[in-house]
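So the structure is just underneath, and the comments pick up after that.
The values are calculated or read from the model by the stated rules, or taken from the named source; none is laboratory data. Just so we're clear, the structure is a prediction, and the values are computed from it rather than from any experiment. Don't worry about glycine lacking a Cβ; one is built from the backbone with ideal geometry, like all the others, and counts go over all protein chains shown. Heavy atoms of the whole protein, side chains included, go into the accessibility calculation; ligands, DNA and RNA do not. Shrake-Rupley method; radii C 1.70, N 1.55, O 1.52, S 1.80 Å.
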Amino acid sequence: MPVVIDSDCINCDMCVPECPNEAIIMGAAHYVVDLEKCTECEGFYDAPACIPVCPVDCMTLVTDASA
Ligand code: SF4
Ligand code: SF4
């Protein structure tokens, strides 16, 4: 169940340093989450650290990784 970043991302970089797994990387047009690396912050935090820092709320925890 990774976090996904939608096209509302303004590339502000706020989320990047929050990720303990360095899973947030620059994609073609905006930042994206490396689905192989995102663990929902398990082992580091109780909840995804990236989502609350995003100023445009474009990060979503998806419950079906195949979606
Ligand atoms: S939920 Fe945690 S591990 Fe996944 S991208 Fe966000 S900060 Fe990184
Ligand atoms: S905090 Fe939100 S808007 Fe900023 S780079 Fe991350 S996903 Fe994009």
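Can you pull out the residues in the range 20-33 that are over 13 Å from Met59 (Cα atoms) and not aliphatic (A, V, I, L, M)? Answer for the range 20-33, where residues must be over 13 Å from Met59 (Cα atoms) and not aliphatic (A, V, I, L, M): Pro20, Asn21, Glu22, Gly27. Does Pro55 satisfy being outside any loop (DSSP other than H, G, I, E, B) and open to solvent by 50 Å² or more (accessible area, probe 1.4 Å)? For Pro55, the condition - outside any loop (DSSP other than H, G, I, E, B) and open to solvent by 50 Å² or more (accessible area, probe 1.4 Å) - is not met. Take Pro20 and decide whether it is assigned to a loop (DSSP other than H, G, I, E, B) and either touching a Pro at 6+ places or on another chain (Cβ under 7 Å) or surrounded by 13 or more Cβ atoms within 10 Å (Cβ to Cβ) (or both). Criteria met by Pro20. Scanning the range 2-11 for residues that are part of a loop (DSSP other than H, G, I, E, B) and surrounded by 14 or more Cβ atoms within 10 Å (Cβ to Cβ), we see that the one that is farthest from ligand 2 (Cβ to nearest atom) is Pro2. Selection of first residues in the range 34-50 that are under 15 Å from Val62 (Cα atoms) and of second residues that are of a type in the set (D, E, K, R), restricted to Cβ pairs under 7 Å at least 6 apart or on distinct chains, gives the following pairs, ordered by first then second residue: Lys37/Glu22; Pro48/Glu40; Ala49/Glu18; Cys50/Glu18. Every condition in (1) in contact (Cβ under 8 Å) with a residue 40 or more places away in the chain; (2) touching a helix residue (DSSP H, G or I) at 6+ places or on another chain (Cβ under 6 Å) holds for Cys58 except the one numbered (2). For the range 35-51, a tally of residues being within 17 Å of Ser7 (Cα to Cα) and open to solvent by 40 Å² or more (accessible area, probe 1.4 Å) returns 2. Here Val32 passes the criteria (1) of a type in the set (Val, Ile, Thr); (2) open to solvent by less than 80 Å² (accessible area, probe 1.4 Å); (3) in a loop (DSSP other than H, G, I, E, B) except the one numbered (3).
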